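Just so it is clear, none of the values below were taken in a lab; they were calculated from the coordinates. All of these numbers come straight from a predicted model, not from anything done at the bench. Methodologically, a virtual Cβ is constructed for each residue, glycine included, from the backbone with ideal geometry; neighbour enumeration extends over all protein chains shown.
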Amino acid sequence: MSRFEVLSPVGNGEMLIAACRAGADAVYLGAKDFSARRNAENFEDNELKEAIKYCHIRGVKVYLTLNIQIKDGELSSAVDLARSAYNYGIDGVIIADLGLADILHRLIPKLPLHASTQMTVHTPAALKTLKNAGFTRVVAAREMSREELKELCKRARELDIEVEVFVHGALCMSVSGQCLLSAFLGSRSGNRGLCAGPCRLPFEAKGGTGYDLSLKDLSLLPHIKELCDMGVTSFKIEGRMKRPEYVAAATAACRFAVDNGYVPAEALDTLKNVFSRSGFTDGYYVNRLGRDMFGIRTKEDVTAADKAFPKIHELIRAERRTVKIKAEIRVKSDMPVTLTLWDGENRVTARGEIPKPAQNRPITPETLKSGVDKFGSTPYILEEFSACCDDGLFVSAAELNAIRREAVELLDRERSEVHREESRAEYTLTEGSENNTAAPKFYVRFEDISQIPKCLSGIDGVIFPLEKDFDINIEGAELIADIPRGIISEDLIRQRLRIFKEKGFKTAVCGNLSALQIAIEEGFKIIAGTGLNVLNSESARLVSELGAYRVILSNEITLSGARELNSPVPKGIVAYGNIPLMLFKNCPIKNGRSCADCDKKGSVTDRKNTDFPVRCRMGYSELLNSVPLWLADREEDLKAVDFAVLYFTAEPQNRVLEVLEAYKKGLACDTEYTRGLFYRGTI
């Protein structure tokens, strides 16, 4: 096997066979729960066990996806699933939840942890934190350019962390782990594995394509050699909800590219026919963003798929024979015939009857090899053969077949055996502390200095965007820098933090692991932001251990969940504002106009004529909700947390004053609003 890994998606048994036969070195799959593709067929407990055996016989690794955000009440079941998978022989788990990762690292320390792309790792600073948390591999964000990936791989090598990169498949418009669109529009959370894909529906930017949140599928297969050279370990294919034919075609193309350094044009055409959205894009990788990256699934795309399937079926009709073995047969006059198979690690021996004297043609080493070397229906390929036989003996073809079949079964059994100490890890959630009965403190986040009122009585903290220039003189409130969730340049973040520090800021809101690491190194106190997706008590505990002295809980938590969450540091929520629903590196507004022509007031409009504002933040942009969160009139419910963040974006100063007054007095909203997910939650 190559030192580079072709990693294929598996959503059911048919896809598993297709992936293995088409050339996968490893597959990733989900159980029935806790997977980011909960709508895939996925695997029951016994099916998971048999899938691991099937793959290990063929020399294929298996990674389990536990890559969703976990609620407190689910932690125990998630640990049970990971423990079972470990005992079945799983080769690693893909994790998105910081708390779950920490539990598994403590309870099952020999279980390899892979940081999911849902963790939004897109700059090198995050890697130190992941290493300390026990991760052995990171799945890089899909939005990274060639130069950014090189830097990530360089740092990963220094820390002995493997890098996994998506090289083919569907491309979300939002950075993974930072999308709330499906959750807010229909309670189907992408971070919880049930994204409804609303971004594929019509969302129009002025002068755009009409589908300005729908990207073409990603394909980096032509860049495989370059990715190998920069140090990428694993080449990942997206598609656990697609057909086995898609998995076969994508796996075969990626296998060829890894082995030969290029991919044939015919293979790319086949892939395009099997599934694409108006073709493929490598825009992020080559740093060529814009309109050409957008596409939808057309009728022509669907028709082309039917023509491609027959050719693909030929790829997976038979076993892929890649497991090299040695065979030794002994035919002696006074003992049973023995056939020994050895794969380099496992040695098995099958026995037959004592051979009889030959009546016509006695056996020879050549005839014995011809009789033994019939492994075509297995994953085994004979590399070396030796025979030790006496003269004048006879062994029938039927007996040789029977001995060979028995030896293959024994080798299968040995290769699928789990050679590790069984884990008995169990997890019980620590009971929470007494519920808060006091009114929460208020932290106010402003977009621009013009919004800040002269009087900020009753406000404990003022949060200001790191990218904005300002002269500010506020007394009595903590000054807090808001680091963007998307980081184009770590050096730029450091420069801006130093400027803010000179102006009296000592605290930073950090919405990703890189920001957290940078802010700590620059001497700031840390508030864990919503981008870290803290949804359970263990995640709150871990971010506090990483340096956070306050934590803003996930925007997907319910108020009852927030109340019950046990945090060692004060916990808060965003209680007002047009919440960022998506994080973009490829701004949809640019589909209709350039950055130079942008008035910073762009929006995209859905099929119901609802406008969703878009704002830029240091090289990334965000889609804001169309209406603000409002909880001012839910004073008792707000006591579920220690502090509340009022998140102002485009409001003029007079509206800021009205909102502040409403939250101080517990008033109802006078405009259209949403309660977010605080009551209805997600499914």
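Per-structure values
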{"read-out": "The chain shape via C-alpha gyration tensor axes, a/c threshold 1.5", "value": "prolate"}
{"read-out": "Segment R405-K608, length gained on full extension (0.36 nm per residue, minus Cα span)", "value": "66.7 nm"}
{"read-out": "Paramagnetic reach from M241 (point 7 Å along Cα→Cβ, amide N under 17 Å) across segment 200-221", "value": "200-202, 213-218"}
{"read-out": "Burial ranking of peptide ranges 557-567, 244-254, 331-341 (average Cβ count within 10 Å, highest at the top)", "value": "244-254, 557-567, 331-341"}
{"read-out": "Relative contact order [Cα under 8 Å, 6+ residues apart], the chain, whole percent", "value": "15"}
{"read-out": "Label-point separation in nm, E14 to R288, each point 7 Å along Cα→Cβ", "value": "3.7"}
{"read-out": "Exposure proxy ranking, count of Cβ atoms within 10 Å, fewest first, for K71, K206", "value": "K206, K71"}
{"read-out": "Proxy reagent accessibility, fewest Cβ within 10 Å first, across V569, V543", "value": "V569, V543"}
{"read-out": "19 Å reach of a label modelled at S377, 7 Å along Cα-to-Cβ, counting backbone N of segment 20-51", "value": "21"}
{"read-out": "Estimated distance in nm for a label pair at T671 and F394, the labels positioned 7 Å out from Cα along Cα-to-Cβ", "value": "9.7"}
{"read-out": "Inter-label distance for E384 and S450, nm, one decimal - labels placed 7 Å from Cα along Cα-to-Cβ", "value": "8.0"}
{"read-out": "Förster radius 25 Å - calculated FRET efficiency between D160 and T322, Cβ distance, rounded to 0.05", "value": "0.35"}
{"read-out": "Segment A358-A438, length gained on full extension (0.36 nm per residue, minus Cα span)", "value": "19.2 nm"}
{"read-out": "Relative packing of peptides 532-538, 77-83, 302-308 - highest average C-beta neighbours within 10 Å first", "value": "532-538, 77-83, 302-308"}
{"read-out": "FRET efficiency, 1/(1 + (r/R0)^6) with R0 25 Å, evaluated for R655 and R563 via beta carbons", "value": "0.25"}
{"read-out": "Of all DSSP beta bridges in segment 323-416, antiparallel share, percent nearest 5", "value": "55"}
{"read-out": "Bridge type composition, the chain - antiparallel percent by DSSP, nearest 5", "value": "30"}
{"read-out": "Burial ranking of peptide ranges 489-500, 216-227, 263-274 (average Cβ count within 10 Å, highest at the top)", "value": "216-227, 263-274, 489-500"}
{"read-out": "All lysines inside 28 Å of K53 as judged from Cα atoms, apart from same-chain residues fewer than 8 positions distant", "value": "K32, K61, K110, K236, K242, K324, K326, K374"}
{"read-out": "Contact order relative to length of segment 323-416, as percent, for alpha carbon pairs under 8 angstrom and 6 or more apart", "value": "38"}
{"read-out": "Dipole in debye (nearest 20) - the chain, about Cα centre, beta carbon charges: Lys, Arg +1; Asp, Glu -1", "value": "840"}
{"read-out": "The chain - mean residue ellipticity at 222 nm from DSSP helices (-39,500 (n - 2.57) per run, n ≥ 4, rounded to 500)", "value": "-9000 deg cm²/dmol"}
{"read-out": "D460-L185 FRET efficiency (beta carbon distance; Förster radius 30 Å; 0.05 resolution)", "value": "0.40"}
{"read-out": "Sequence of H56, H114 once ranked by neighbouring C-beta atoms within 10 Å, starting from the fewest", "value": "H56, H114"}
{"read-out": "Relative contact order (%) - segment 624-678, alpha-carbon pairs under 8 angstrom, separation at least six", "value": "62"}
